[in-house]
Amino acid sequence: MEYNFRDIEKKWQQRWVAAQTYKVTEDENRKKFYVLNMFPYPSGAGLHVGHPLGYIASDIYARYKRLQGFNVLNPMGYDAYGLPAEQYAIQTGQHPAITTEQNIARYREQLDKIGFSFDWSREVRTCDPQYYHWTQWAFQRMFGSFYCNTCHKAQTIEKLIEHFEKQGTADLDVAQTEELSFTADEWRAKNDVEKQQVLMNYRLAYLAETMVNWCPALGTVLANDEVVNGVSERGGYPVEQKRMKQWCLRVSAYAQRLLDGLDTIDWTDSLKETQRNWIGRSEGAEIVFKVKDSDKSFTIFTTRADTMFGVTFMVLAPESELVQELTTAEQRAAVDEYLAYVKKRTERDRISDRKVTGVFSGSYAINPFTGEANPIWISEYVLAGYGTGAIMAVPAHDSRDYAFAKHFGLPIVPLVEGCDISEESFDAKEGIVCNSPRTGVTPYIDFSLNGLTIKEAIAATKKYVREHNLGRVKVNYRLRDAIFSRQRYWGEPFPVYYKDGMPQMVPEECLPLELPEVDKFLPTETGEPPLGNAKRWAWDTKTKTVVDNSAIDNVTVFPLELNTMPGFAGSSAYYLRYMDPKNDEALVSSKADNYWQSVDLYVGGSEHATGHLIYSRFWNKFLFDLGVSCKEEPFQKLVNQGMIQGRSNFVYRINTEGAENNAELKEMMAKGPVFVSAGLKDQYDVTPLHVDVNIVSADVLDIEAFKAWRPEYANAQFILEDGRYVCGWAVEKMSKSMFNVVNPDMIVEKFGADTLRLYEMFLGPVEQAKPWDTNGIDGSHRFLKKFWNLAQSIIAQSEQNTPSNPSPAELKALHKLIKKVTEDIEVFSYNTSIPAFMIATNELSQLKCTNRAILEPMVILIAPFAPHIAEELWEQLGHTTSVCDAQWPVFEEKYLVEDTVKMMVAFNGKTRFSIDFPADADNATIEAAARAHELTPKYLEGKSIIKVIIVPKRMINIVMK
RNA sequence: GCCCAGAUGGUGGAAUUGGUAGACACGAGGGACUUAAAAUCCCUUGGCCAGUGAUGGCCGUACGGGUUCGAUUCCCGUUCCGGGCACCA
């Protein structure tokens, strides 16, 4: 029987649907395993071969776990809100919901052809009101919570109000935007709006006027992770800083837990490192400096408390509120001019040119350690958003301070023995401290760091600061709160209306608040977000319904929020929703959550390291605090699949200018453009041009297809080598413009889904970026044919003959395979198990294996990789149930025991030869054999054997003359 | 600048975690079958040298050292490529 993959795959895909083979339900009697892929954004372009890579890898794992008896959850859905659908809508007027729907249908069709074991009954879509109900719900809960630094978890805001009622802000240790201070009486004296304003300072979802990344071209604000090098991640448009009132999530409150959690999960080091960098914890001290001749003081943050004696000036961020306070009358004009200059500079300017700029404020600060008055400067190199927006400058030991001091001629005092600061600052945290205090200077305080290492000096200074009330020990994080508003249409609407300018939550029982219809997807003429175009977007507090805007009276009917939520909102808790996707009572029932717990294996791209993977960890931690999620970390093991790059092909067109003196060439050019084969291109002046990889096979151009590809090439002329036109190639990103996009449908059509699956895994390690090389796909297909043929001959022969026991050689081939494949799947190294299949198949073919006791386990082993062929063979072997429900074969060591061991003999420091030995040989036998070898004059030449090493782990020392 | 991860044939990549480097596949070359093609099968394929030949020798895992009987693997230094962070005090 022929391997007819088209019929086989079609047949089984239909059967799986009919039999609901991949539907899972919670089953307390079985151990669970949760496999998850990062759900895709359904773009208009459809899937290319790079997309399914991670899905195939996780599908293999999911099928493997199922064969091992686990109850496996392997869901799929769509991250359906996004910019492209909205921009398409702006251009064409087509509603994003419609294009999204169409794209999803196309994705589904493509995915279905590849034979995944997804439980589609659990599909989620972020744009589905049933789904975003719970996105809105979580947001409301964040609004109703604050973060307690003492108990390290989120608490309901009512607890905070209680605290204020009792003692104001006394003994309050919570996450906050700014440090407020009031008494219980003062709190009680506030009116409702004032109280709401105060609470905004503490809520986990809060409305705040902040500096945001504003992207004029996209007409919206962006989160920090959506801005790369001063331009928007999508589209690469310029981004500027703008002060705007926006919803924010207090992600920073969870900074320490986000950091600590990394130690409990199984992610790659580089990904953890990326997150650690992004969180950016730094331990230091806040130290208070008094302003000279004034009762004012301000606080700075430093990680180098040991350098207190080297401070020669202070610097404020231009945006700092201290700037106005500390600028003296004489310096006012100069400072104002400088502030105007800073305001003009965009984020990009700051990044691209780092010139030293600044202005003197006119004030001085008293160094609490030296008593010196240090001038206070203002400079853009100090950031308002980090620490306190003010620093103490130690030019000897900080390169930025050094550059500033050199530029403005400020003094530089070295504090480390023997350091050279004539050319640059000494930033390293190593060496012995000196000059602290300086010799010959009367100490201002009774405190010295001289002779200590820097590490000791930092600790000693912190201790002194704490004990003398000069400041406090402080940990700072780079991680900022996430801006949560977007000025867009195609996103989750906020369940929020405004009364007296303060946000109010739409009652929980009224969720979901559905996205309204608009007739235009652009911002309104007055610059409001697109939802400003909605006619029916007001909240009636009486009827608790959305009503027409005309009804707004600000008494019972109020305007609704016009912003929508960002892309990461919908993707932050979708893994919980898969556990219980139809639940209208809760995001997830505690029963389902307790069963599925958290994702055991998460597969997706590393580009989400500082976005989705931070936000969803934060979101889950919040839900954990609420008791909704039973696990603090959502993703136990994370595997980043590498990108599949395109392999582009080039043709080389000969330029007309260089061909003047070549009559033959001129003649050819008269007929049409001339292309030269890659091997001969150096002899001509050529321009390389991308050519569609689909008309190139093994780098050889299909000339007729090329002529038909573009009208201008219809009369193309070719200079061939060995009768063929060979194309050049390069590895580039897979993209339409490079004509190197390979579509999985075409591969499936030509070779079948099983071949595609096998080949994608065979290409290389899942984690690595690798080029797609269509040429190699034959190899995988050939293997499946061989496997099929082997299976057919076994099935045919075993029907004729009475069953016999498998031979030792057959068992060895099989168990070698079981061992290798099982080990490989566990460590996600599929690219090496496929060769193992090929070898085993070849070995068994050579052994003329006829034993179905060998074939059966092999079919199970291959089922995760090539499920269609496995099902077909499983049926041919007489089984009536799906191979998915078979038992993974168990490896038995006894079949693999070698009857010989290898012995290495080393002469005087050099390994010279090896001999094979019976596996159970004792040391005396081996020694005797070694001595026998010694008699071979060739190896001897007067040397003596010093050691005999038996691979793998035994060693015998033999000394002989 | 700081941090992380890498570097193996013409190509993608193996190597039992310290034990005969280059599995497997692609590509290339040669052969068998066939009127022919497709399909299939077999052989060769890291480099250099010696030999008619079976074969043998030397060099080889980015570079330079080290530990070891033995290093692609461990340690130190250098170069290069990729990724993250970046006036973060």
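Diffusion coefficient (Stokes-Einstein, Kirkwood radius over C-alpha pairs, 20 °C, 1.002 mPa s) for the stretch A:340-427: 148 µm²/s, rounded to a whole number.
With respect to chain A, whose longest principal axis is taken over its alpha-carbon atoms, helix A:269-279 is tilted by about 10°.
Of A:K245/A:K474; A:K474/A:K499; A:K786/A:K820; A:K195/A:K296, which sit over 31 Å apart, Cα to Cα? Can you show the working numbers first?
Values: A:K245/A:K474 29 Å; A:K474/A:K499 39 Å; A:K786/A:K820 20 Å; A:K195/A:K296 29 Å.
Table pairs above 31 Å Cα-Cα are A:K474/A:K499.
A:E826 contributes an accessible area of around 80 Å² to the protein surface, as traced by a 1.4 Å probe with all chains present.
If packing is taken as the average count of other Cβ atoms within 10 Å, what order do A:369-376, A:349-356 fall into, highest mean first? Provide the component values of the computation, followed by the final result.
Details: A:369-376: 19.2, A:349-356: 11.4.
Result, highest mean first: A:369-376, A:349-356.
How far is helix A:399-408 tilted off the main Cα axis of chain A, in degrees rounded to 10, range 0 to 90? Tilt relative to chain A: about 40 degrees. Taking A:H48, A:H608 and ordering them by how much accessible surface each has at a 1.4 Å probe, largest first, produces A:H608, A:H48.
Helix-only arithmetic for chain A: the sum of -39500 (n - 2.57) across DSSP H runs with n ≥ 4, divided by the residue total, places the mean residue ellipticity at 222 nm at -10500 deg cm²/dmol.
Per-atom-type breakdown for chain A gives carbon and sulfur 50% of the accessible area (1.4 Å probe, protein chains only). Only Lys, Arg, Asp and Glu carry charge here, each on its Cβ (+1 for the first two, -1 for the last two); on that basis chain A has a dipole of about 1400 debye about its Cα centre. Spatial offset of the stretch A:566-603 relative to the stretch A:277-292 amounts to 39 Å, using the alpha carbon center of each. Only protein heavy atoms count here; on that basis, with a 1.4 Å probe, A:L720 has an accessible area of about 70 Å². Residue ranges A:438-444, A:776-782 sort as A:776-782, A:438-444 when ordered by packing (mean number of other C-beta atoms within 10 Å per residue, highest first).
Restricting the calculation to alpha carbons of the stretch A:673-813 gives Rg and Dmax of 21.8, 72 angstrom.
For the stretch A:39-87, report the % of Cα-Cα distances exceeding 15 Å. List each step's numbers first, then the result.
Numbers: 670 of 1176 pairs.
Counting every Cα pair in the stretch A:39-87, those more than 15 Å apart make up 57 percent.
Using 1/(1 + (r/R0)^6) with R0 = 56 angstrom and r between the beta carbons of A:S181 and A:M1, what's the FRET efficiency to the nearest 0.05?
Values: r = 84 Å, r/R0 = 1.50.
Rounded to the nearest 0.05, the efficiency is 0.10.
Among the lysines, which have Cα under 28 Å from the Cα of A:K736 when same-chain residues fewer than 8 positions away are ignored? Counting by Cα, and skipping residues close in sequence, A:K736 has these lysines nearby: A:K113, A:K681, A:K707, A:K750, A:K770. Two numbers describe the Cα atoms of the stretch A:284-381: Rg and Dmax, which are 14.1, 40 Å. Taking the average, over residues, of other Cβ atoms within 10 Å as the packing measure, peptides A:428-436, A:254-262, A:325-333 rank A:254-262, A:428-436, A:325-333 from highest down. Multiplying the residue separation of A:V731 and A:A769 by 0.36 nm and subtracting their alpha-carbon distance yields 12.6 nm. Could you compute the net charge surrounding A:V555? Neighbours are other residues with a C-beta less than 13 Å from the C-beta of A:V555; K and R count +1, D and E count -1. My count for the surroundings of A:V555 gives -1. Counting only heavy atoms of the protein chains and using a 1.4 Å probe, A:E158 has close to 110 Å² of accessible surface. If you average the C-alpha positions of the stretch A:354-425 and of the stretch A:60-125 separately, how far apart do those two centres end up, in angstrom? The stretch A:354-425 and the stretch A:60-125 have Cα centres spaced 55 Å from each other. Structure note, pairs A:K159/A:K542; A:K292/A:K462; A:K32/A:K631; A:K355/A:K406: Cα-Cα distances above 19 angstrom occur for A:K159/A:K542; A:K292/A:K462.
With 10 Å bins beginning at zero, the pair-distance distribution over Cα atoms of the stretch A:1-93 amounts to 13, 30, 33, 17, 6, 1 %.
On C-alpha positions alone, give me the angle between the axis of helix A:830-846 and the longest principal axis of chain A, in degrees, nearest 10. Result, in degrees: 10.
Does the stretch A:617-703 classify as rounded, prolate or oblate by the C-alpha gyration tensor (a ≥ b ≥ c root eigenvalues; a/c under 1.5 gives rounded; else a/b over b/c gives prolate, otherwise oblate)? Walk me through the intermediate numbers first.
Values: a/c = 5.92, a/b = 4.73, b/c = 1.25.
In terms of gyration-tensor shape, prolate.
Taken as Cα centroids, the stretch A:502-539 and the stretch A:170-201 sit 30 Å apart, rounded to the nearest whole angstrom.
Put +1 on the Cβ of every Lys and Arg and -1 on every Asp and Glu Cβ in chain A; which of A:Y61, A:T327, A:Y497 then has its Cα farthest towards the positive end of the dipole? Positive-end residue among those listed: A:Y61. For the stretch A:204-347, the percent of C-alpha pairs falling in each 5 Å distance bin, counted from 0 to the bin holding the largest distance, reads 2, 7, 11, 12, 15, 18, 16, 11, 6, 2, 1, 0. Panel note: the C-alpha atoms of chain A, placed on their principal axes, show extents of 103, 91, 84 Å (largest first). log10 I(q)/I(0), Debye, Cα-only the stretch A:237-316, no solvent, q = 0.16 Å⁻¹? Log10 I(q)/I(0), no solvent term: -0.96.
The values are calculated or read from the model by the stated rules, or taken from the named source; none is laboratory data. All values reported here derive from a predicted model rather than from experimental measurement. All Cβ positions, even for glycine, are placed from backbone atoms using ideal geometry, and neighbour counts span all protein chains on display. We work out accessible area using only protein heavy atoms, side chains counted, and drop any ligands, DNA or RNA first. Shrake-Rupley method; radii C 1.70, N 1.55, O 1.52, S 1.80 Å.
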